[in-house]
1. In this structure, is MET60 part of a helix (DSSP H, G or I), within 14 Å of the ligand (Cβ to nearest atom) and farther than 19 Å from LEU108 by Cα?
2. Would you please name the residue that is farthest from LEU50 (Cα to Cα), looking only at residues in region 3-18 that are open to solvent by 10 Å² or more (accessible area, probe 1.4 Å) and away from the ligand (no atom under 13 Å from the Cβ)?
3. Filter region 75-99 down to the residues that are open to solvent by 20 Å² or more (accessible area, probe 1.4 Å) and either within 16 Å of ILE112 (Cβ to Cβ) or outside the structural domain of ASN42 (by TED's automatic domain parsing) (or both) and list them by number.
4. Looking at GLY36, GLY94, which one is within 12 Å of the ligand (Cβ to nearest atom), touching a helix residue (DSSP H, G or I) at 6+ places or on another chain (Cβ under 6 Å) and either at pLDDT 95 or above or part of a loop (DSSP other than H, G, I, E, B) (or both)?
5. Determine if region 109-118 includes at least one residue that is open to solvent by 40 Å² or more (accessible area, probe 1.4 Å) and at pLDDT below 90.
6. Taking the condition within 18 Å of ARG2 (Cα to Cα) and either open to solvent by less than 60 Å² (accessible area, probe 1.4 Å) or in contact (Cβ under 8 Å) with a residue 40 or more places away in the chain (or both), does ARG143 pass?
7. Regarding GLY130, is this residue open to solvent by 40 Å² or more (accessible area, probe 1.4 Å), touching a residue at least 12 places away in the same chain (Cβ under 8 Å), under 30 Å from PHE205 (Cα atoms) and not acidic (Asp, Glu)?
8. (1) away from the ligand (no atom under 16 Å from the Cβ); (2) part of a helix (DSSP H, G or I): which one isn't true of SER120, the others all being true?
Amino acid sequence: MRILIAEDEKSLADIVKKGLKEEGYTVDVAYNGEDGLFMAENEPSDIIILDIMLPVIDGMTILKKIRKAGIKTPVLMLTAKDTVMDKVSGLDSGADDYLTKPFFFEELLARIRALLRRNSGVKTSIIEIGDLIIDTASHEVIRGGRVISLSAKEYALLEYMAINRNKMLGRTTLTEHLYDQDFDLDSNVIDVFINRIRNKIDRGFDKKLIHTIRGAGYMLKG
Ligand code: CA
């Protein structure tokens, strides 16, 4: 999952970025509104964390512009003050959630998970696909009652496929949602990761969950 943070408080942006990366998310940061708007319009983000008070272009203007442009990416607004008006106008302008600064990182994570699963029809932090169970809060993965150990990147890829289960996901899509803008898209790294995950969750089971769509990409299907 790829997250864009638009936040001009560099220390806050950087600590959130570090924390999110440790959780396996791919993170882009914009330190002003102009970069934030450009990246919101051009990077394939799964969530945008948008500070309201930003230099050059403020967060509310960015939100209105991207919604007007038809971009439906979930937006979590950061408000400096706990003012009702900020929240109301943010939600009315198309924000999906808001968080008042200062906040606990754990709460930000929980709100991100809730936003990511909102469009997937999953109501709790547990995703079940056949006998595969993925706990998106603890990152525990179980198949057939056995706990499966995955690296952070392997987990991130599996979770992205689980949230988008039954959908064909091309290599470019997978790469874009798992790596930041500096990554070489021509690399076959996705195939390498898919093979590793396959060895861990499908090997030894008659029913395979990861399907290769020849010449196109992959699908997780129960
Ligand atoms: Ca700010």
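The values are calculated or read from the model by the stated rules, or taken from the named source; none is laboratory data. Fair warning: this is a prediction, and the values are worked out from it, not measured in the lab. Don't worry about glycine lacking a Cβ; one is built from the backbone with ideal geometry, like all the others, and counts go over all protein chains shown. For the accessible areas, the whole protein counts, side chains as well, though only heavy atoms, and no ligand, DNA or RNA atoms are used. Shrake-Rupley method; radii C 1.70, N 1.55, O 1.52, S 1.80 Å.
1. yes
2. Among those residues, the one meeting the criterion is LYS18.
3. Those that are open to solvent by 20 Å² or more (accessible area, probe 1.4 Å) and either within 16 Å of ILE112 (Cβ to Cβ) or outside the structural domain of ASN42 (by TED's automatic domain parsing) (or both): ASP96, ASP97, TYR98.
4. Only one candidate qualifies: GLY36.
5. Yes, the conditions are met somewhere in region 109-118.
6. It is false that ARG143 is within 18 Å of ARG2 (Cα to Cα) and either open to solvent by less than 60 Å² (accessible area, probe 1.4 Å) or in contact (Cβ under 8 Å) with a residue 40 or more places away in the chain (or both).
7. Judged against the criteria, GLY130 is a match.
8. Just one mismatch for SER120, condition (2).
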